[in-house]
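A short reminder: the numbers here are calculations on the coordinates, not readings from a lab. What you see is a predicted model; the values in this text were computed from it and never measured. In this analysis, Cβ positions are derived from the backbone assuming ideal geometry, glycine residues included, and neighbour counts consider all displayed protein chains.
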Amino acid sequence: MTNVAQTRGDSTGSEATEFDALVVGAGFSGLYQLHALRDRLGLTVQVLEAADGVGGTWYWNRYPGARCDSESHSYCFSFSEELINDWEWSERYPAQPEVMRYLNFVADRLDLKRDIRFHTKVVAAEYDEARNRWLVTTEAGAHLSATYLITAVGCLSAANIPDFPGLDRFEGDWHHTGLWPHEGVDFAGKRVIQIGTGSTGIQAAPVIAETAEHLTVLQRTPNYSVPAQNAPLTDEFRRHVKATYPEIRRVMRSTPNGHAFTIADRSAFDVTPEEREAIYEAAWAKGGLQFRASFRDVLVNKEANDTAAEFVKKKIREIVKDPATAEQLANIDHPYAGKRPPIDTNYFETFNRDNVTLVDVRTDPIEEITATGVRLRSGAEHVADIIVFATGFDAMTGTLLKMGIRGRDGLTLEQAWEAGPRNYLGLQVPGFPNLFTVTGPGSPSVLCNMPVPIEQHVEWIADCIAHLRQHGIDRIEPEAAAADDWVEQVNRAARATLLSEVEHSWYLGANVPGKPRVFMPYAGGMARYRAICDEVAANGYSGFALR
Ligand SMILES: Cc1cc2nc3c(=O)[nH]c(=O)nc-3n(C[C@H](O)[C@H](O)[C@H](O)COP(=O)(O)OP(=O)(O)OC[C@H]3O[C@@H](n4cnc5c(N)ncnc54)[C@H](O)[C@@H]3O)c2cc1C
């Protein structure tokens, strides 16, 4: 069965129970937040982490093919020259074990682990107004408190396992890609069903197919993908990155998505159809997320987007030999990059293998899991020894809502967010003083190369706390009107792009039954968002009530 063992009792990072700040999560966000608060501000800080090691996303997502879609030289911390100079990436896109090694390197170099309690899952966090402290309870029953509570729990860390009837009767093994067993899964000689064809499924299928006896991919939503063109990094490239790092960082901070490439300043219609085709061909050959940067209007103009979409669909039809399978894969009904745009290594090619079958579960949906496999509404049955759920996450709000957070007057976060996440700048929620959410909903987060928004949030929060302490301010909390205005700005930013048109996107919460349909990330671009946050701080934290 799937590996969900994660809380074997608290391991103590410290005997103390009272801190200036408690940070939940030890991925990119929690590690840097600990460093910023402890080593720059001199606060007493404890990080609480459910896993038994650092890494966050990369601790849990050990599925076959798990790999970064951001290029390695941009998927790392930029705040420390020492960290930049003393780390060498091996590939253009690092695989999961390498990102784990990197985050362990960071944690060791900054001596962070001594202030992290592993195996420690937070199950409740309540604000005590009289003491102006957050009281945190762990699954093992420990109680800790702090003036500031900072959630660094990740946007994509609450695994979404669809509630198919019959899963408990399945006699084989099943695993969610986000809770993958550490010992790995042996697919040799096994019949495997993979459910899901998002970024994860697109990474996993080619690798599973290499060893499985048979792989059946159940596809509800066909998806675009562009080849990653992954390769080992040359020494020359590594030297170039180190020599030009300030410029790379400047580019990452000036672009909407925080990647180390700029978006071409031309419309898809500034060039002839032949020139456009040549530009897409070159971008396809180069590979990776840069494909969407070919023209500035790909994400905002449907006709421009269609040119990219049609190019990818043409490629799918060229690659996949069986015309019916090619048509199923290319029958994509959302704009290119309207959902998280995957990149791949041999995804479409995988459907040319004799041991791989594609099944359309949009027209013939999954009815139930049986003892031996999956039965569709038509009655068709697909047998499996192993089912792989590549079904993603209860994104952005799922983990926060599972933490038992209660603010002033007992207000729960579930109550506050009944109609969808309502906060200010994605950073703070009205009614929850001194609670900060790193990459919370309403921040650019998942629309970016995430180390960039993570660093910006961590630094903004640290500067804010420094300001509070310097000025003898006990608590900070957003004004209701500022939060309402921000929610409106987030909606407006989404409406200005094609992203809000995709009904079945996890950006909108559509993958989780009953979740309010609200476009969650801020689509106005990372550079603009940073400027807004800086201005708010420069204006004495306008929109926040400081007491
Ligand atoms: C498969 C996959 C591939 C990705 N690829 C990319 C990519 O190419 N580029 C990119 O920019 N981003 C990518 N991401 C997004 C990725 O999540 C971020 O880049 C980044 O790792 C987030 O770091 P974080 O520290 O904010 O959160 P996480 O890494 O998710 O860490 C959160 C931590 O909080 C802990 N936690 C949660 N709840 C509790 C609790 N109640 N008590 C205690 N601990 C708790 C979790 O155990 C976890 O360790 C990917 C995500 C996934 C899932």
Query raised in the report: Nearest 0.05, what FRET efficiency do ALA188 and ALA538 give at R0 = 35 Å with Cβ-Cβ as r?
Result: 0.05
Report summary line: Mean shadow area (nm²) of the C-alpha convex hull around the range 413-508 is 6.8 nm²
Report summary line: Between ALA124 and residues 5 or more places away or on another chain, the pairs with built amide H atoms under 5 Å apart involve THR137
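What is the ratio of the Cα radius of gyration of the chain to 2.2 N^0.38 Å, where N is its residue count, to two decimals? Can you show the working numbers first?
On the way: Rg = 23.2 Å, N = 547, 2.2 N^0.38 = 24.1 Å.
Ratio of Cα Rg to 2.2 N^0.38 Å: 0.96.
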Query raised in the report: Of the lysine pairs in the chain, how many meet both conditions: Cα atoms under 15 Å apart, and a spacing of 8 or more in sequence or different chains?
Result: 5
Query raised in the report: Regarding the range 1-157, what whole-number volume in Å³ per residue does the convex hull of its Cα atoms give?
Result: 115 Å³
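Using mean Cβ contacts within 10 Å as the protection proxy, how do 223-229, 359-365 order, highest first?
Details: 223-229: 21.7, 359-365: 15.3.
Output ranking for 223-229, 359-365: 223-229, 359-365.
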**Report entry** Share of Cα-Cα pairs in the range 291-386 lying beyond 17 Å, as whole percent
**Finding:** 62 percent
Query raised in the report: Normalized C-alpha radius of gyration of the range 96-213, against 2.2 N^0.38 Å?
Result: 1.47
Report summary line: Simple SL model, points at 7 angstrom along Cα→Cβ for GLU327 and ILE473; separation in nm is 6.2 nm
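Note the full-extension length gain between GLU171 and ASN352 as 0.36 nm times their separation in residues minus their Cα-Cα distance, in nm to one decimal.
On the way: separation 181, 0.36 × 181 = 65.16 nm, distance 2.95 nm.
That pair, GLU171 and ASN352, stretches by 62.2 nm at full extension.
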Report summary line: Most exposed to least, judged by fewest other Cβ atoms within 10 Å, SER72, SER90, SER443 sort to SER90, SER72, SER443
Report summary line: In whole Hz, the Karplus estimates of ³J(HN,Hα) for the range 74-91 (6.51, -1.76, 1.60; θ = phi - 60°; x where Gly or Pro) are 9, 9, 6, 6, 10, 7, 10, 4, 4, 5, 5, 6, 9, 10, 10, 7, 9, 10
Query raised in the report: At what distance in nm do the modelled label points of GLU210 and ASP86 sit from each other, each positioned 7 Å from its Cα along Cα→Cβ?
Result: 3.3 nm
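Okay, helix-only estimate at 222 nm for the chain: each DSSP H run of n ≥ 4 adds -39500 (n - 2.57), divide by all residues, round to 500 deg cm²/dmol; what do you get?
Numbers: 16 runs with 163 residues, N = 547.
Theoretical 222 nm ellipticity from helices: -9000 deg cm²/dmol.
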Query raised in the report: Helix by helix, which DSSP H runs in the chain go 15 Å or more along their axis at the Cα atoms and have an average Kyte-Doolittle hydropathy of 0.5 or more?
Result: 199-211
**Report entry** Note, ³J(HN,Hα) from phi for the range 366-375, Karplus 6.51, -1.76, 1.60, rounded to Hz, x at Gly and Pro
**Finding:** 5, 9, 6, 8, 9, 4, 10, x, 10, 10
Requested in this report: Give, rounded to the nearest 20 debye, the magnitude of the charge dipole that the chain has about its Cα centre when Lys and Arg contribute +1 at Cβ and Asp and Glu contribute -1 at Cβ.
Outcome: 480 debye
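Based on other C-beta atoms within 10 Å, arrange THR437, THR17 from fewest to most. List each step's numbers first, then the result.
Values: THR437 29, THR17 13.
Taking fewest neighbouring Cβ atoms as first place, the list is THR17, THR437.
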Query raised in the report: When only Cα pairs under 8 Å and 6 or more residues apart are kept, what is the percent relative contact order across the chain?
Result: 19 percent
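So what is the relative contact order for the range 423-547, in percent, with contacts set as C-alpha pairs under 8 Å and at least six apart?
Working: 169 pairs, mean separation 40.4, N = 125.
After rounding, I find 32 percent.
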Query raised in the report: Measuring from a point 7 Å past the Cα of VAL383 along Cα-to-C-beta, which residues in the range 159-196 have an amide N at less than 13 Å?
Result: 172, 190-192
Query - 5 angstrom amide H check on GLU367, placed H, neighbours 5+ away - result: ARG375, LEU376, ARG377
Query raised in the report: Simple spin-label model, 7 Å along Cα-to-Cβ: GLU310 to GLU277 in nm?
Result: 1.1 nm
Requested in this report: Could you size up the charge dipole of the range 27-110 around its Cα centre, putting +1 on the beta carbon of Lys and Arg and -1 on that of Asp and Glu, and report it in debye to the nearest 20?
Outcome: 220 debye
